[in-house]
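Q: One structure is given below, represented as C-alpha cells, and several questions about it will come after.
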Amino acid sequence: MLATSSMYPEPRLLMLGDTAVTVEFGAAIAPDIHARVLGFVCALEQAKRRGEFDGIVEWVPTFRSVTAYFDASVEDPLVEGDKLLALARRAQPRSQAGRRWRIPVCFEAGFAPDLESLARAKSLTPQVLVELMTASSFHVYMLGFVPGFPYLGGLPEACNAPRLATPRRAVPARSQAVAGGMCAVYPWDSPGGWHLLGRTPVRLFDVANPDSPALLRAGDDVQWQAIDGNTYTQLDRLAESGRLDRASLLVGEESTS
Amino acid sequence: MSGVVEVVEAGLGNCIQDAGRPGYRSIGVPLSGAADRILLACANRLLGNDPDQAAIEVSLVGPRLAAVSGIVRVALSGKLSARVSRANGNFADLPSWQTATLFPGDIVAIGAAKGPAYVAISGGFRVPRQLGSCSTYARAGIGGVARRALALGDSIACGEVAGDPWLECRGRAPFDHAAGPIRVIPGPQDDYFDSAAFDLLYGSDFTVSRDADRMGMRLHGPALVHRTDKGADIVSDGVVPGAIQVPVNGQPIVLLADAQTVGGYPKIATVIAADLPRLAHLDPGTGLRFAAVSVAEAREAWRAQRQALAAWCQGIVCFRPPGVIDETALSSENLISGMIDAQALRRAPDIDPPREK
C-alpha cells in the first residue's frame, strides 16, 4: 500500500457531479504525492485570499487529491475546474507544511485490547511494540470517515496488520488504532475494524471550538508519548473540563503565536 | 412576539435541518442539511422566512408539538398532514402546503410522512448553531436540539410571528419534482468500468434496498462489474452527496445528505444537484433508473428547478381561515358568510403574500 510512488506526470481533473471537482495528483499513498496535495491547498488558500475562486465553498485534501466544492449556483463548473487544474500545475510541492504534536497515549492493558495479540502476531513483546510506536513520527494525510478522524502515515511495518476480520461494534472514543499501513485515533465511540493499541486523553474534536474543532489537520506530524494510567486519569479530567491546553501538545512550532 | 413549542410526542427520527454545514468537510464533518432543500424552501416561504431556515424534517412519523407560550405559526410541505387541536377543544385538519397559527395551549399533531417532509415555523426554530448550522448530525452529536433527533419534553424557542396573526397562507398546489430517470454525470472513477457496466447502469431497473438512511442508500440491480485491471478499491478520495459508489459486489450505494466526506470505493457516476431532492423520496422497494447528462444539462436542470420553486412561491395566497371574521374584507367584498374567498382577500390592499427575498 505504501510502495513506490505513482505520481501522474500531470494532475488530472475529475468531475464529481455538477457542483464539485477532484484534482488528482496520483493513485497511491506516498509522501511525494501528498506534498503536491499540500502545495496545491496552500496555493488555493492564497488565491482565495486574493479574491479568486470565490465560487468555491470549501475543499478536502486527501492522500492523493483535492476535492473542491462549488457554490450550488456555479455557472460553469468546467471553467472553474480548468482554472483549478492550471493552479495545481503551477503549485510547488510542500512537505513540511504542518505543525508537530506530541500526544500522550496510555498503552496499559485496560486501554489496549489488541496490543498483546498484535505483538504476538509480529513476534514482539508488547513493550517493543510500544517503543516502536513512540519512536516513530506519523504524518497526517487526511481527516475523514467521521469528524476529526486522522489518517496517519508512517506506521513501521513491524506494527502493521490488516483490518480485523470482524469489525468491533463499538470502539471507545480516543482509542489509538492501527491497520492497513495507517495509524489513527477514533475521536468518537464508533464501530471500527482497526487494532486498538492504546488510548489518549486528548479530545481530537471539540464542537465548541468553531475556528478549529479538529485538533489535527492534513500536513501535521504527530509523535506518541507513552503515559501511565495515573497520568491518563489526570489528563482525562483536565480534558473533560476543557482545561487541557492544546498548545501544550505542540512541539517547536515555528510560528511565534 | 416569539413563542415556544414543546415536544409532547417525539414521533420517529424527526430532526432539525437547514441548508447544512459547509466549510468543515476537510476535517471530516459531513455537509448534512435538508434531504430535500426545495421542500424546505417551500415550507419556509409559506411563512415569509428565508428559504433555508431551520425546520423539522419528518421522514416517518411526525411529532406532536404544543404551543406553550407566545404565538407560533407553522407551515407544512411535502407528503404529510397534521391536525390542530385548539385549547378551547376545537380542532381542524392542517393540510400540507399551508400555515396555521398556534396560541398557548394549542397542539399540532404531525402525521406520517411519505418521503422527507417539513414542518417550518415562522421566524425559524431558535436552535443554537454548531459549526455554522442548526442541522442535526446525530452520529457525531452535532447540531439539532441537544445534538440529536427530537425527544419527548424538548422545548424549542421559535421566531417571531410577523404581521397579522389571523392571516394564513397556502400554496396553490403541491410542489412536484420533475419525473423521469435520475440524471447523473459519469465519474469520477468512470475509468474503473467498461462500456458494459455503463450499459447496465443506464439500461436497467434498480431497486432501493432496506439499507437506506440519511447517509446513503444501497440499491439492488444487476452487478456493475469493475474492470479486472482496476479492481474495486481506490485510495480514498473526496465524495459528495449523490456520488454512486460501487463496492466489490457491484451493487451501487448512492450517498445522501449525511454522506461521509471521503470514500474508498470507485464512483461510477454522480447524481446531478437538481435530482438530489428526488433521491431522498425513494423509499425501500422503489424502482429507479439512471440517465447520463452533460454538465451543461445538469446546470440547466438546476436553474429550471430554481425557477419552478420561484414560480411556486409566487403562487402562495393568503386567506382568513374559517371562523375568523375580517371586517375590512367583509365590507369591501360585501360578503356575509364567515367563509371568505381567498382570491377576494388577496385583492384586499392590506393582505400580501410573503415577498421573495
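Read-outs throughout are calculated quantities, based only on the coordinates presented, and are distinct from any laboratory measurement. All values derive from a computational prediction rather than experimental measurement. Every residue, glycine as well, gets a Cβ built from its backbone with ideal geometry; the counts of neighbours run over all protein chains shown.
Q: In nm, to one decimal, how far is the modelled label at residue A:121 from the one at residue A:165, with both set 7 Å along Cα→Cβ?
A: 1.1 nm
Q: Follow-up question, since we're still on this one. Just the ratio, please: alpha-carbon radius of gyration of chain B over 2.2 N^0.38 Å, N its number of residues.
A: Values: Rg = 22.3 Å, N = 357, 2.2 N^0.38 = 20.5 Å.
The value comes to 1.09.
Q: Okay, next question. Considering just Cα atoms, how many Å³ per residue does the convex hull of the protein assembly as shown enclose?
A: Numbers: hull volume 103.2 nm³, N = 614.
Taking only Cα atoms, the protein assembly as shown has a hull volume of 168 Å³ per residue.
Q: Just to check, using Stokes-Einstein with a Kirkwood Rh over alpha carbon pairs, what's the diffusion coefficient of region B:2-176 at 20 °C and 1.002 mPa s in µm²/s? Don't skip to the answer; put the middle values down first.
A: On the way: Rh = 15.7 Å.
Calculated translational D: 137 µm²/s.
Q: Would you please name the chymotrypsin sites (Phe, Trp or Tyr not before Pro) within region A:97-127 that are DSSP coil residues with at most 11 other C-beta atoms within 10 Å of their C-beta? Kindly include the intermediate steps, with their values, before the conclusion.
A: Values: sites: A:101, A:107, A:111; in loops: A:107.
Of the chymotrypsin sites (Phe, Trp or Tyr not before Pro), not one in the loops of region A:97-127 has a Cβ with at most 11 other Cβ atoms within 10 Å.
Q: Next question. Could you work out the equivalent-ellipsoid semi-axes for chain A, taking the square root of 5 times each eigenvalue of the Cα gyration tensor, largest first, in whole Å?
A: Working through the eigenvalues yields semi-axes of 34, 21, 17 Å.
Q: Additional query: How are the alpha carbon pair distances in region B:83-174 distributed across 10 Å bins from zero to the largest one, expressed in percent?
A: Reading the bins upward from 0: 13, 39, 36, 12, 0.
Q: Still on this structure, please answer the following. Give the separation of the Cα centroids, region A:1-75 to region A:196-257, in Å.
A: If you average the Cα positions of each part, the centres end up 28 Å apart.
Q: For region B:6-95, what does the equivalent ellipsoid look like in terms of its semi-axes, each the square root of 5 times an eigenvalue of the Cα gyration tensor, given largest first in whole Å? List each step's numbers first, then the result.
A: Values: eigenvalues 152, 41, 31 Å².
Values for region B:6-95, descending: 28, 14, 12 Å.
Q: Provide, in order from the shortest bin, the percent of all Cα-Cα pairs of region B:182-307 in each 5 Å bin, continuing until the bin that contains the maximum pair distance.
A: Answer for region B:182-307: a P(r) of 2, 12, 23, 26, 21, 13, 4, 1, 0 percent.
Q: A further question on this structure: Under a no-solvent Debye model with one identical scatterer per Cα of region B:151-233, what's log10 I(q)/I(0) at q = 0.13, 0.15, 0.26 Å⁻¹?
A: Log-scaled intensity ratios, in q order: -0.72, -0.81, -1.35.
Q: Could you let me know the centre-to-centre spacing of region B:27-70 and region B:191-221, using Cα atoms, in angstrom?
A: Using only Cα atoms, the two centres lie 29 Å from each other.
Q: Next question. Based only on Cα atoms, what Rg/Rh ratio does region A:82-216 have, Rh being taken as Kirkwood's radius? Present the calculation step by step, with values, prior to reporting the outcome.
A: Values: Rg = 16.4 Å, Rh = 16.1 Å.
Here the Rg-to-Rh quotient is 1.02.
Q: Additional query: Direction-averaged shadow area of the convex hull around the Cα atoms of region A:7-90, nm²? Present the calculation step by step, with values, prior to reporting the outcome.
A: Details: hull surface 19.4 nm².
For region A:7-90, the mean projected area of the Cα convex hull comes to 4.9 nm².
Q: Show me the helices of chain B, taken as full DSSP H stretches, that run 15 Å or more along their long axis by Cα and average -1.0 or above in Kyte-Doolittle hydropathy. The partial results should precede the final answer.
A: Working: long enough: B:295-314 (29 Å, -0.48).
Long hydrophobic helices here: B:295-314.
Q: What is the fewest-to-most order of A:133, A:182 by other Cβ atoms lying within 10 Å of their Cβ?
A: Working: A:133 24, A:182 21.
Starting with the residue having the fewest Cβ neighbours, the order is A:182, A:133.
Q: Also, I was wondering about something else. Residue-wise, which Karplus ³J(HN,Hα) couplings in Hz belong to region A:192-209, taking 6.51 cos²θ - 1.76 cosθ + 1.60, θ = phi - 60°, and x for glycine or proline?
A: x, x, 8, 7, 9, 9, x, 8, 9, x, 6, 7, 7, 8, 10, 5, 7, 10
Q: Here's a follow-up. Once every DSSP H run of n ≥ 4 in chain A is given -39500 (n - 2.57) and the sum is divided by its residues, what mean residue ellipticity at 222 nm do you get, rounded to the nearest 500 deg cm²/dmol?
A: Details: 5 runs with 62 residues, N = 257.
After summing the helix terms and dividing by the residues of chain A, the value is -7500 deg cm²/dmol.
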